[in-house]
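Each value in this text was obtained by applying a stated rule to the coordinates, not by laboratory testing. This is a predicted model, so every value here is computed, not measured. Cβ coordinates were reconstructed from backbone atoms using ideal geometry, including for glycine residues, and neighbour counts include every protein chain displayed.
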Amino acid sequence: MPKLRPTTRKLVLLGTIGGIILIAGYFKVFLHSDLRQPIQYNHKIHIESAGMTCVDCHESVLVSASATIPRLEICTSCHSGEPISDSPEEPKLLKFVADGNEIPWQRVYSVPDHVYFSHQRHVTDGRIECATCHGNIPDFTQPVTSTFMPVMMESCMDCHRLNGVTNDCLACHR
């Protein structure tokens, strides 16, 4: 193997380190998030026992670009005063209710500022099921802390291609 000049060795080393950082960042951000939600919300119990659906908590998903993070008012329609379950998480919720403080849910999904994404366009107009992008939420016994599908242009373009939807840059980029 030929000897590399010191400047070439430095560039190769920097490129390797940069590549490792990018790969590690990808796995941390898109696959294994350290995000912790304030309440260990159990989607499964709310869907099976209370008969709730995605739209009961994420109110604007059918009519707006944003799906919205659930407001405290939604929780108080069933939870106020005395606990209605044996969940160790319910007292945490009731404290938020008693104090009148919104639950500081951590946003899991986001798109860059230059990207326009509309839940209404995808869910109502495109008839795409929530599970396509978010996984089988009805089986989740823990809160969502990481993305099911990476929010990356390649994922979006693959889906558009598969469903015969335009991949014109201006359809999503502003």
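Quick one, can you get me the convex hull of the C-alpha atoms of region 82-174 expressed as volume per residue in Å³?
Normalising the Cα hull of region 82-174 by residue number yields 142 Å³.
If I take every Cα pair under 8 Å that is 6 or more residues apart in region 37-122, average their sequence separation and divide by the length, what percent do I get for the relative contact order?
Reported as a whole number, the value is 36 percent.
What is the Cα centroid distance between region 66-91 and region 103-131, reported in whole angstrom?
After rounding, the separation between the Cα centres reads 23 Å.
Label 7 Å along Cα→Cβ of Asp113; region 141-174 residues with amide nitrogen under 16 Å?
The answer is 173-174.
Order by neighbour count: Lys92, Lys10, fewest other Cβ atoms within 10 Å first, most last.
Lys10, Lys92
Would you mind calculating the gained length between Glu73 and Ile128 on full extension (0.36 nm times residue separation, minus the Cα-Cα distance), in nm to one decimal?
Net length gain for the segment: 17.1 nm.
Mean separation of Cα pairs under 8 Å and 6+ residues apart, divided by the residue count of region 79-174: what relative contact order is that in percent?
Result for region 79-174 is 26 percent.
Straight-line reach only, C-alpha to C-alpha below 18 angstrom: list the aspartates and glutamates that Lys10 could link to, leaving out same-chain residues fewer than 8 apart.
Counting by Cα, and skipping residues close in sequence, Lys10 has no aspartates and glutamates nearby.
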